[in-house]
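Novice: Have a look at the structure that comes next, please.
The values are calculated or read from the model by the stated rules, or taken from the named source; none is laboratory data. All values reported here derive from a predicted model rather than from experimental measurement. Backbone-built Cβ (ideal geometry, glycine too); neighbour counts: all protein chains shown.
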Amino acid sequence: MLAGKELLFRRRGLSEHGAERLRSRLLALAAGLDQAPLAAVVETVGAEVAGMVPPAALRLVSQHLELGDYCVVLSSSPHELVERVATHLGVHQGVGTRTEVIDGRMTGRLDGPFCHSDGKLARLRDEVDTIDLSRASAYSDAASDLPLLSACGYPVAVNPDRQLRSAARAAGWPIIALH
């Protein structure tokens, strides 16, 4: 079952409705949890996720860093997790979805926009003050990132879902495979 869902995601991406359902479900599960014990989990998972990045993608990140580019990992995942992944990858910053925490407990609500689709641009602008997107490179595998890709001067579709592949072809953006 899980393999079938992964194959479907790779072909079609996650719809807005699907992303909203997943976000709501995860926030409901987090409501009332103490944030402190999750720090160790975030560290472990962050290292594991960074370890799953394909060597070709790591080489691409290294090239950007060598050129002096400011590199940001931008994901709809929890902000703390994205920060840890970014640290393990050696990039400048990680930006993800922030959840509201009051008195050390998660409320089950967002603290700012959901870092998905248009919200990804908003979160990037919230976290990175002076950014000239016309000179920025952006890499994505999902059509939900079309607002981000369209805002950047150098958009690249990486192992794209079907909708992003179509949009990238129409826009003349590079399409690359990193495995």
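Novice: Is there a residue in the range 142-153 that is in a loop (DSSP other than H, G, I, E, B), out of contact with any Ser or Thr (no Cβ under 7 Å at 6 or more places or on another chain) and without any contact (Cβ under 8 Å) to a residue 60 or more places away in the chain?
Specialist: Checked against the condition, which is being in a loop (DSSP other than H, G, I, E, B), out of contact with any Ser or Thr (no Cβ under 7 Å at 6 or more places or on another chain) and without any contact (Cβ under 8 Å) to a residue 60 or more places away in the chain, the range 142-153 yields no hits at all.
Novice: Looking at the range 104-141 only, could you name the residues that are closer than 27 Å to A177 by Cβ and part of a strand (DSSP E or B)?
Specialist: Across the range 104-141, the qualifying residues are S137, A138, Y139, S140.
Novice: Restricting the search to the range 30-45, which residues are of a type outside the set (D, E) and outside any loop (DSSP other than H, G, I, E, B)? Spell out the reasoning first.
Specialist: Applying the first criterion (of a type outside the set (D, E)) to the range 30-45 yields 30-33, 35-42, 44-45.
Matches in the range 30-45: A30, L38, A39, A40, V41, V42, T44, V45.
Novice: Test of understanding: among S117, S77, S134, which residue is under 15 Å from the mean Cα position of the chain (by Cα), more than 30 Å from P37 (Cβ to Cβ) and either hydroxyl-bearing (S, T, Y) or surrounded by 15 or more Cβ atoms within 10 Å (Cβ to Cβ) (or both)?
Specialist: Working: S77 fails: more than 30 Å from P37 (Cβ to Cβ); S134 fails: under 15 Å from the mean Cα position of the chain (by Cα).
Just one listed residue meets the conditions, S117.
Novice: For the range 80-114, which residues satisfy the criterion of being under 19 Å from Q35 (Cβ atoms), surrounded by 18 or more Cβ atoms within 10 Å (Cβ to Cβ) and small (G, A, S)?
Specialist: G94, G96
Novice: Which condition from (1) over 16 Å from V95 (Cα atoms); (2) crowded, with 18+ Cβ neighbours inside 10 Å is the one that Q163 breaks?
Specialist: Of (1) over 16 Å from V95 (Cα atoms); (2) crowded, with 18+ Cβ neighbours inside 10 Å, only one is false for Q163: (2).
Novice: Would you mind finding the one in G13, G68, G4 that is at pLDDT below 75 and more than 28 Å from E100 (Cβ to Cβ)? Don't jump to the end; show me each part of the working.
Specialist: Working: G13 fails: more than 28 Å from E100 (Cβ to Cβ); G68 fails: at pLDDT below 75.
From the options G13, G68, G4, the qualifying one is G4.
Novice: Taking the condition part of a strand (DSSP E or B) and buried (at least 20 other Cβ atoms within 10 Å of the Cβ), does V156 pass?
Specialist: Numbers: part of a strand (DSSP E or B): yes; buried (at least 20 other Cβ atoms within 10 Å of the Cβ): no.
In short, no.
Novice: Additional query: Quick test of your reading of the structure: E48 fulfils all but one of (1) assigned to a helix (DSSP H, G or I); (2) under 19 Å from P160 (Cβ atoms). Name the failing condition by number.
Specialist: Only one criterion in (1) assigned to a helix (DSSP H, G or I); (2) under 19 Å from P160 (Cβ atoms) is unmet by E48, namely (2).
Novice: Test R23 against the stated conditions and say whether it is in contact (Cβ under 8 Å) with a residue 24 or more places away in the chain and in a helix (DSSP H, G or I).
Specialist: Values: in contact (Cβ under 8 Å) with a residue 24 or more places away in the chain: yes; in a helix (DSSP H, G or I): yes.
Yes: the conditions hold for R23.
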